[in-house]
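Step one of this worksheet: look at the structure below.
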Amino acid sequence: MTEIDGAGRHELVNPIPRPKSGPFTVRTVPEVEQVVLFDNGKPNSMAILRRTQQLLRERGIDVKEEIRGKEFAGGPVDDQTLAMLAQERGLLLCGVHD
Amino acid sequence: MSDYSRSVDRPGDRDVLADIEQCYESGWSDGLPVVPPYRGLVDEMRAAMGWPDGDEVVGSIEAQRLEITADHLAAAAVMSGCRPEYARVLRPLAELLVDPEFNLGGVEVTTGGVAVMVVVSGPVVAELGFEHQANAVGGANTRVNATIGRYAQMVRHFCGRGGGVLATHGTMGHPGRLSFLVAEHPDTAWGPFHTQLGLPAGASAVSIMAAEGPNSVNNHYGSTAEQILDTIADCLGHSGFTNYYWHFGATIVVVGPAHAETIAATFSRDEARRYLFEHTLRPTDHLAALGRMPPEPREKSKVEPGKQRSPFDHEEQLHFLESGAPGGRFSAIVPGWVGNYFVMGKVVEGA
């Protein structure tokens, strides 16, 4: 709630919900030299990721074999998958478009 | 009718234009000027919507850890220009918008650029004076249509890009992202729209679907149901129709009164739905040759080379809505978002 001038009768009500999440940690540098790919479920993304995996390996980069993905392209990553991704120590690449 | 001058805490000598600008500067806008959400107006709207406590959590978007309160939802109603007497529609509409099944976050972020299409049907259409004839599919220029339609988009925006917690990636978008409400005729040939969702025929209802923009269907000289439906099927079955690949989205066919009279003389609603389903087929291989199928289709999209393909997995994805003005022989189709499977509806209480 925001008060423009401190007068209650002139108060403007904030219409925008804010996230309630607690503190979280972001690792910006991978702990191991490995690329981990994540499929966002878009129609062509798995094909693109498989090709990416192949190209990176041809250049000598370690890429994890398993490509996990979202159950449903139009929805968010579920909590269980998110927790598994949070355990990854390599460089996580995700979000290939259509 | 509510009288703001009697019943609520007025802004008094405040500079309302400055407050509108303040809303812009705070990001409290859908791009158009808003009614500033003064506490007195919001309290009155919230009471009309049936929430005594402004901090009551009405819904949440788990992935963003958002909790949406009664005050948020009532403030957006004030800001979009709604009157308290619209609350009997706004309350169930708000509950639908924040229902996790609707996936409001997905609607906001998708490259599909979809809007929240609001459908109002049953006796409430006449009771609140919704325009259901002239320009009924968009731009009806009546307050109740425009502001309730705007409300749905505003809630989406404030829970998404407008609130800074989600990006929006709509490649094209469409004007309905500002306001998109269609009211059905109080008297219909096939029964109220909401009966297709399992709601009682005698009830009033508000329904929502994540929707692409409407496409007009013109057939002035066809005199048979088949001619009209073939024309609608052709519009549904064009190769750029989004649903051809994923197959998940619902679609609403808005049938104008002249077309409805012609079709209903021959077909029941179920028969017309079946006819459309069967007449939107295209060769899968042709769609693939055009690039409408990815090289490695997902199993759930059920792509079968060599076979005919409908843009719908099953005919129940098609819904009919009777609306529009007499005079012209037009209908319209409104394709749904492929990320939602359905149209959702709730009964509107009270009178």
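Distances between placed amide hydrogens fall under 5 Å for B:Met117 paired with B:Met209, B:Ala210, B:Ala211, all partners being 5 or more residues away or on another chain. Shown for region B:43-64: residues covered by the partner protein chains by 20 Å² or more of accessible area relative to the chain by itself (probe radius 1.4 Å), namely B:Ala63. The Cα trace of region B:12-55 gives Rg and Dmax of 12.1, 31 Å, the first to one decimal, the second as a whole number. By how many degrees, 0 to 90 and rounded to 10, does the Cα axis of helix B:269-278 deviate from the longest principal axis of chain B? The angle comes out near 60 degrees.
Here, chain B has an Rg and a Dmax of 20.9, 72 Å when only alpha carbons are counted.
Using C-alpha pairs below 8 Å separated by at least 6 residues, the relative contact order for region B:214-335 is 49 percent. Between chain B and chain A, roughly 3200 Å² of accessible surface gets buried, counting both sides and using a 1.4 Å probe.
Quick one: angle between helix B:16-26 and the longest Cα principal axis of chain B, in degrees between 0 and 90, rounded to 10, please. Once rounded, the angle reads 60 degrees. Taking every DSSP beta bridge that has both ends in region B:178-337, the antiparallel portion is near 70%. On a per residue basis, region B:214-335 carries 43 Å² of accessible surface, using protein heavy atoms and a 1.4 Å probe.
Residues whose amide H lies under 5 Å from that of A:Val63, counting only those 5 or more places away or on a different chain, are A:Val35; hydrogens are built 1.01 Å from N in the peptide plane.
In whole percent, how big is the carbon plus sulfur part of the accessible area of region B:90-191, probe 1.4 Å, protein atoms only? The value for region B:90-191 is 50 percent carbon and sulfur by accessible area. Its residues counted as N, region B:100-252 yields a C-alpha radius of gyration over 2.2 N^0.38 Å of 1.11.
For region A:6-98, the convex hull spanned by the alpha carbon atoms encloses 162 Å³ per residue. Just check the protein assembly as shown against the gyration tensor rule for me: Cα atoms, a ≥ b ≥ c as the square roots of the eigenvalues, rounded for a/c under 1.5, and otherwise prolate or oblate depending on whether a/b exceeds b/c. Since a/c reaches 1.5 but b/c is at least a/b, the shape of the protein assembly as shown is classed as oblate. Karplus-based coupling profile of region B:92-107, in residue order and whole Hz: x, 5, 4, 5, 5, 4, 9, 5, x, 4, 6, 6, 4, x, x, 4, with θ = phi - 60° in 6.51 cos²θ - 1.76 cosθ + 1.60 and x standing for Gly or Pro. With respect to chain A, whose longest principal axis is taken over its alpha-carbon atoms, helix A:45-58 is tilted by about 50°. For region B:203-310, applying the loop criterion from DSSP together with a ceiling of 16 other beta carbons within 10 Å to the trypsin sites (Lys or Arg not before Pro) yields B:Lys302, B:Lys307. Karplus-based coupling profile of region B:34-51, in residue order and whole Hz: 10, 6, x, x, 5, 3, x, 5, 5, 4, 5, 5, 5, 4, 5, 7, x, 10, with θ = phi - 60° in 6.51 cos²θ - 1.76 cosθ + 1.60 and x standing for Gly or Pro. Normalised by the number of residues in chain B, the mean separation of alpha-carbon contacts (under 8 Å, six or more apart) gives a relative contact order of 20 percent.
For A:Leu92, the amide hydrogen comes within under 5 Å of the amide hydrogens of A:Val36, counting only partners 5 or more places away or on other chains and with H modelled in the peptide plane. At a threshold of 50 Å², the residues of region A:36-69 that become less accessible to a 1.4 Å probe in the full protein assembly than in their chain on its own are A:Pro43. For region B:35-183, what class follows from the C-alpha gyration tensor (a ≥ b ≥ c being the square roots of its eigenvalues): rounded when a/c is under 1.5, otherwise prolate if a/b is larger than b/c, else oblate? Cα axes put region B:35-183 in the oblate bin.
Only Lys, Arg, Asp and Glu carry charge here, each on its Cβ (+1 for the first two, -1 for the last two); on that basis region A:8-57 has a dipole of about 160 debye about its Cα centre. For region B:214-335, the direction-averaged projected area of the alpha-carbon convex hull comes to 7.2 nm². Here chain A is treated with +1 on each Lys and Arg Cβ and -1 on each Asp and Glu Cβ, and its dipole about the Cα centre works out to around 180 debye. DSSP assigns beta bridges within the protein assembly as shown; of those with both partners inside it, close to 65 percent run antiparallel.
The values are calculated or read from the model by the stated rules, or taken from the named source; none is laboratory data. Small disclaimer: the values here were computed from a predicted structure and weren't measured. Cβ atoms come from the backbone with ideal geometry, glycine included; neighbour counts cover every protein chain shown. Surface areas here come from the heavy atoms of the whole protein model, side chains and all, with no ligands, DNA or RNA. Shrake-Rupley method; radii C 1.70, N 1.55, O 1.52, S 1.80 Å.
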